[in-house]
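Colleague: Let me give you the structure first, and then I'll get to my questions.
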Amino acid sequence: MLVFHLKFVFGCWDNVFPRFALSPSSCLSVLVPGGYTVNPSVMEITHVYAKLRSEFGRQCLFSDRPEEVMVDIHPEPSLASQFILKTRKDQGLQACRDMSEHQVNTERFESNSCGMNHVEGGWPKDINPNDVEQTIRFRKKVEKEENYINSLQHLGSVMEHCIKQNNAIDIYQQYFEEDEELEESSELPSAKTINILRDPNEVKRTITGLSWHPDGGRKLAAAYCNLGFQKNPKDMSLDSYIWEIENPSCPEMTLKPESPLVCLDYNPKDPHTLVGGSYNGQIAYWDTRRGSQPVEYSSLEHSHRDPVYKIIWLQSKTGTEAFSASTDGQVLWWDVRKLSEPTERLVLDPGREGNLDRALGAISLEFEPTMPTKFMVGTEQGLVVSCNRKAKTAAEKIVCTYDGHHGPIYALQRNPFFPKNFLTVGDWTARIWSEDIKESSIMWTKYQMSYLMDACWSPVRPSVFFTVKMEGVLDIWDILFKQSDPTLSVKVSDKALYSLRVQDNGQLVACGSQNGEATLLEICSGLSTLQKNEKSLAAA
C-alpha cells in the first residue's frame with residue numbers, strides 16, 4: 001500500500017491552545033474531526049492517502065545483461081530439394097470508403113399451368129347441342145335470315161382481299177435488315193432475372209458446380225456442397241438436383257451421392273448420362289433413366305485423396321471417357337464402363353519427376369475437343385500447367401507453365417473461336433493469355449474489390465466473357481467495347497457467387513450462390529448476338 005503524508009504547520013502553540021502548558025517534546029496527540037492527526041509539540045496536521053499497489057500497474061525494472069541464445073536451429077540439407085521457388089510479386093493496396101447496398105425481394109408466387117378445351121357452345125337455352133335434329137333445324141333457320149346472308153357476304157369480301165394480298169406479297173420477307181442491326185447495336189446492355197432455383201433443404205449449401213443439359217438447355221444440373229473443412233452440420237443433405245428451368249418450385253430429379261458433389265458434367269453425346277466429382281475424392285456416374293442412385297462409383301483406394309474440383313467428358317468414339325482434377329496434385333482419366341480404377345494418371349510435379357509430395361494442387365481444368373491431345377490445369381499456386389496427354393514419358397506430358405495470379409486459379413477456359421487464347425480467373429483479376437506468350441498475359445482487368453470465383457466465354461460472341469465475384473455481382477465484359485471496366489454489372493445476390501455457366505445459345509446465364517440459389521438471367525440481344533466483323537476485330 002502506498003501512503004502520502006500532508007503536513008500543515010501552524011504558528012505559536014500558546015495562541016492556539018492557551019490552557020495547555022506542555023513542552024515541545026511532549027508526546028500528546030489530539031484527534032481533530034475530519035481524519036486529521038494533530039501533534040501539539042510542533043503543531044503538525046497529517047492526512048493519510050492510501051492506494052493499493054496493484055492499481056498502479058506492473059513495476060518496471062530495467063537492468064543490463066548479456067544476450068542469451070534460447071534455441072539454435074541448423075538447416076537440414078535434405079529438405080532443400082523439396083522447396084518450390086515462387087516468383088516474387090509486388091502489389092500496392094489502396095484504402096477506400098466502404099459502401100453498402102440493400103435490396104428487397106418480394107415473396108415468390110407459385111403458379112401452375114393448366115388448360116381448357118372449348119369444343120362447342122353459343123347455343124340458345126332451348127336448344128340441346130347434343131340433339132342432332134335440333135341443331136340441324138336451328139342452322140337451317142339461321143342460314144335463311146337476312147342478317148346472316150349480309151354478314152357472310154361482307155366477311156367473304158374481306159377474306160378474299162386478304163387471300164389475294166398473301167398471294168401477292170411474302171409476309172415473312174425481312175426488310176431493312178441492315179438498319180435493324182444498327183438499331184440492335186445501339187441498344188443499352190441489360191440482363192433480367194427470369195427464375196431463381198432455391199435449395200429445398202433447410203440447411204442451405206453452396207452451389208459449387210453447374211451444367212446445362214446438352215439438348216437445348218431446358219434443364220440445369222447443380223452440385224451442392226459445403227466446402228468449409230469440418231463445418232458440415234450433422235443434418236445437412238448430401239443431395240444434388242436436376243432442375244427444369246420452367247418449373248422453379250421443385251427439382252425434376254434428385255441425385256443421391258454417398259458424399260456431396262463438388263462438380264458435375266452432362267455427357268455431350270448422351271443427354272441421359274452425367275458424371276460427378278465428390279468431396280471425398282470419388283467419381284460417380286449417373287444414368288437418369290435408371291433413377292437417382294449412381295450407376296457406378298470409383299473405388300476409394302484408386303480415387304483422389306482430396307475433393308474433386310473439376311471433371312470433364314473427353315472427345316472419344318465411345319463417349320464414355322472423362323478426366324478429373326483434384327487438389328491432391330493428380331489428374332486421373334476414367335472410363336465410366338469400368339470405374340474400379342483410372343485408365344491413366346498424371347502427377348503435376350513441376351520438377352517433372354512424378355513426386356506427389358511436391359505436386360501442385362489442381363483446382364480447374366480445360367479441354368478443347370478440337371485439340372484432343374492437349375489440356376490445361378489451373379493450380380492452387382497461381383500457375384497454369386499446359387499438358388500433352390499423348391507424350392511418350394511422364395516428364396514430357398507437362399509442356400510449360402504460365403504464371404500470373406497471386407492465388408488459386410478458379411476458372412480456366414479457351415476461347416471457342418480462337419482456341420490459342422484462353423481465359424483465367426484468380427485473386428482479384430481476370431486475364432486473357434496467348435498460348436505462344438508464356439511470360440505474361442496479353443490482356444487483364446484491373447483489380448476488383450472482391451475475389452473473382454468463376455468465369456467463362458460467351459459461346460456466340462468471341463469478344464464477350466462473364467465473371468462472378470464474392471460480393472454477389474455478375475460482370476459482363478466486351479473487350480471490343482472497353483477493357484478497363486465491365487460493359488454490364490448486375491447485382492445477382494447478397495451472398496457470394498461461386499459458379500457460372502452460359503447456355504449454348506448465349507442468352508441464358510446461370511449463377512450459383514453461397515446460399516444455394518441458382519439465378520437464371522436473360523442477356524439482351526446485343527450481348528448474345530454475333531456482331532458484324534466481330535471475329536476479325538477480335539482476332540486483331
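The values are calculated or read from the model by the stated rules, or taken from the named source; none is laboratory data. Bear in mind that the values here come from a model prediction, so they are computed numbers and not experimental data. Cβ coordinates were reconstructed from backbone atoms using ideal geometry, including for glycine residues, and neighbour counts include every protein chain displayed. Only protein heavy atoms, including side chains, enter the accessible area calculation; ligands, DNA and RNA are left aside. Shrake-Rupley method; radii C 1.70, N 1.55, O 1.52, S 1.80 Å.
Colleague: Open to solvent by less than 10 Å² (accessible area, probe 1.4 Å), assigned to a loop (DSSP other than H, G, I, E, B), on the phi > 0 side of the Ramachandran plot and not β-branched (Val, Ile, Thr) - does that describe any residue in region 478-500?
Modeller: Within region 478-500, not a single residue is open to solvent by less than 10 Å² (accessible area, probe 1.4 Å), assigned to a loop (DSSP other than H, G, I, E, B), on the phi > 0 side of the Ramachandran plot and not β-branched (Val, Ile, Thr).
Colleague: Return the residue satisfying two criteria in turn: it lies in region 328-337 and is more than 15 Å from Gln282 (Cβ to Cβ) and not small (Gly, Ala, Ser), and of such residues it is most open to solvent (accessible area, probe 1.4 Å).
Modeller: Arg337
Colleague: In this structure, does Leu383 turn out to be over 30 Å from Leu530 (Cα atoms) and either open to solvent by 30 Å² or more (accessible area, probe 1.4 Å) or touching an Asp or Glu at 6+ places or on another chain (Cβ under 6 Å) (or both)?
Modeller: Answer is yes for this residue.
Colleague: Which one is nearest to Gly277 (Cα to Cα), of the residues in region 371-380 that are surrounded by fewer than 21 Cβ atoms within 10 Å (Cβ to Cβ) and in contact with a strand residue (DSSP E or B) (Cβ under 9 Å, 6 or more places away or on another chain)?
Modeller: The qualifying residue nearest to Gly277 (Cα to Cα) is Glu380.
Colleague: Looking at Ala221, Ala191, which is the one that is at pLDDT 85 or above and surrounded by 10 or more Cβ atoms within 10 Å (Cβ to Cβ)?
Modeller: None of the other options fit; the residue is Ala221.
Colleague: Still on this structure, please answer the following. Identify, please: which residue in region 392-438 is among the charged types (D, E, K, R) and assigned to a strand (DSSP E or B) and is, among those, farthest from the chain's Cα centre (by Cα)?
Modeller: Asp403
Colleague: Name every residue in region 293-330 that is free of Cβ contacts under 8 Å to residues at least 40 places away in the same chain and among the small types (Gly, Ala, Ser), in order of residue number.
Modeller: The answer is Ser303, Ser316, Gly329.
Colleague: Name, by its number, the condition in (1) of a type outside the set (Gly, Ala, Ser); (2) closer than 30 Å to Pro200 by Cβ; (3) open to solvent by 30 Å² or more (accessible area, probe 1.4 Å) that does not hold for Ile442.
Modeller: (2)
Colleague: A follow-up question, please. Any residue at all in region 350-364 that is touching a residue at least 12 places away in the same chain (Cβ under 8 Å) and under 19 Å from Ala221 (Cα atoms)?
Modeller: Yes, because at least one residue in region 350-364 is touching a residue at least 12 places away in the same chain (Cβ under 8 Å) and under 19 Å from Ala221 (Cα atoms).
Colleague: Same structure again: Can you tell me which residues in region 158-180 are open to solvent by less than 100 Å² (accessible area, probe 1.4 Å) and modelled with pLDDT under 75?
Modeller: Across region 158-180, the qualifying residues are Asp179, Glu180.
Colleague: Could you tell me which residue of region 45-71 is modelled with the highest pLDDT, considering only residues that are in contact with a strand residue (DSSP E or B) (Cβ under 8 Å, 6 or more places away or on another chain) and among the basic types (Lys, Arg)?
Modeller: Among them, the one singled out is Lys51.
Colleague: Taking only region 82-114 into account, find how many residues are over 25 Å from the mean Cα position of the chain (by Cα), over 26 Å from Lys446 (Cβ atoms) and either loosely packed, with under 10 Cβ neighbours inside 10 Å or of a type in the set (A, V, I, L, M, F, W, C) (or both).
Modeller: 9
Colleague: Among the listed residues Pro233, Pro251, Pro214, Pro257, which satisfies the condition of being more than 20 Å from the chain's Cα centre (by Cα) and crowded, with 23+ Cβ neighbours inside 10 Å?
Modeller: Unique residue meeting the criteria: Pro257.
Colleague: So which pairs qualify, if the first residue must be in region 169-191 and more than 18 Å from Val464 (Cα to Cα) and of a type outside the set (D, E, K, R), the second must be modelled with pLDDT of 70 or more and not in a loop (DSSP other than H, G, I, E, B), the Cβ gap must be under 9 Å, and the two must be at least 6 apart or on different chains?
Modeller: Listed by first residue and then by second, the contacts come to Ile171/Gln165.
Colleague: Let me ask another. If you scan region 404-419, which residues turn out to be modelled with pLDDT of 85 or more and under 25 Å from Arg352 (Cβ atoms)?
Modeller: Pro408, Ile409, Leu412, Arg414
Colleague: Just to be sure I understand, how many residues within region 346-381 are hydroxyl-bearing (Ser, Thr, Tyr) and in a strand (DSSP E or B)?
Modeller: So the answer is 2.
Colleague: Given the conditions (1) buried (at least 22 other Cβ atoms within 10 Å of the Cβ); (2) closer than 19 Å to Ala539 by Cα, report the number of the one that Asp454 does not fulfil.
Modeller: (2)
Colleague: Mind telling me which of the residues Asp72, Asp131 ends up being surrounded by fewer than 10 Cβ atoms within 10 Å (Cβ to Cβ) and at negative phi?
Modeller: Asp72
Colleague: Step by step: first the residues of region 521-540, then only those that are surrounded by fewer than 16 Cβ atoms within 10 Å (Cβ to Cβ), part of a helix (DSSP H, G or I) and polar (S, T, N, Q), then the one that is farthest from the chain's Cα centre (by Cα). Which residue is that?
Modeller: Ser536
Colleague: Could you tell me which of the residues Ala391, Ala362 is crowded, with 19+ Cβ neighbours inside 10 Å and at pLDDT below 90?
Modeller: Ala362
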